[in-house]
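Values quoted throughout were computed directly from the atomic coordinates according to the rules given, and no laboratory measurement underlies them. The structure displayed is predicted, hence computed values, not measured ones. Methodologically, a virtual Cβ is constructed for each residue, glycine included, from the backbone with ideal geometry; neighbour enumeration extends over all protein chains shown.
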Ligand code: PMP
């Protein structure tokens, strides 16, 4: 693979970042994942807007313009021959000096790293037809989950726990309410209404979430932005998750309890179709 590091395109085994980089030592970094379908970028502007928001929240300089990010995305798609896949982008605070809790001086150049992950047939994932089994686990992450930092150890542990128990993913629960999935936003459907937690510091403001809710409303579907309990989810007609890499993915079981009929439902199926169709139209 050809990867991007600070303005250079290099073979992956020649790309280097300092051992003192605060992204590496302190998870002082933010990231984005943009999906690629037919060689085009989905929801690119949304991901760039959230990147700016994450950087601002951490008082980190943005080293590139949106046009430069776009050019780098396109270069990586082209140089790696990506038809369907993902582009990972990370901006860390950098650090030319020694390990220190104090930020490096203003003007220190952040480190920008980007790479591609080829995912042939990304939009036709077989799991979209069968749905995911989910376990629940306590949400032990920090209090600013709206900032897309690379502190992914706890979500990673939760995902490992899900796999160990034969499930596909975990939903995180705080004060009895579902916050979100390890790497996706969580939804239930009850009596035709789509219910998903309201935006706050407690969850990541999913770019796919924003698009899916917009399409749902445009299709005259009822949307309720509020938190819900696990019991409510287990008694729902349908459940699903959204993310840039899984689009809309049905959830058919929660902690071993089937959701609705235990099969993929019509609302999740329709939203997945609408999302893929509409976002392909605006892909750049
Ligand atoms: N929540 C969390 C915790 C995530 O990691 C992600 C994916 N990065 C999402 C939600 C979904 O966000 P998006 O639709 O922007 O991919």
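Determine the shape class of the stretch 115-221: with a ≥ b ≥ c the square roots of the Cα gyration tensor eigenvalues, call it rounded for a/c under 1.5, and otherwise prolate if a/b is greater than b/c, oblate otherwise.
rounded
According to the Cα gyration tensor, what semi-axes, each the square root of 5 times an eigenvalue, does the equivalent ellipsoid of the stretch 2-122 have, listed from largest to smallest in whole Å?
26, 16, 11
How high is the relative contact order of the stretch 127-281? Use alpha-carbon pairs under 8 Å, at least six apart in sequence, and give a whole percent.
In percent, rounded to a whole number, it is 26.
To test your reading of the geometry: what angle, between 0 and 90 degrees and rounded to tens, separates the Cα axis of helix 266-281 from the longest principal axis of the chain?
With both axes taken from Cα atoms, the answer is about 30 degrees.
Please give the FRET efficiency for residue 27 paired with residue 173, using the beta carbon to beta carbon distance and R0 = 30 Å, rounded to the nearest 0.05.
Using R0 = 30 Å, I get an efficiency of 0.80.
Going 7 Å from the Cα of residue 214 toward and past its Cβ, which residues in the stretch 38-65 have a backbone nitrogen under 17 Å from where you end up?
41-53
How high is the relative contact order of the stretch 2-122, in percent, counting Cα pairs under 8 Å that sit 6 or more residues apart?
Relative contact order here is 37 percent.
Mind giving me the nanometre distance, one decimal, between the label points for residue 157 and residue 284, set 7 Å out from Cα along Cα→Cβ?
Placing both labels 7 Å along Cα→Cβ, they lie 4.0 nm apart.
Please tell me the relative contact order of the chain in percent, rounded to the nearest whole number, where contacts are Cα pairs under 8 Å and at least six residues apart.
19
What's log10 of I(q)/I(0) for the chain at q = 0.16 Å⁻¹, Debye sum over Cα points only, no solvent?
-1.30
Residues in the stretch 26-70 near a label at residue 117, defined as backbone nitrogen under 13 Å from the 7 Å Cα→Cβ point?
Zone members listed by number: 32-36.
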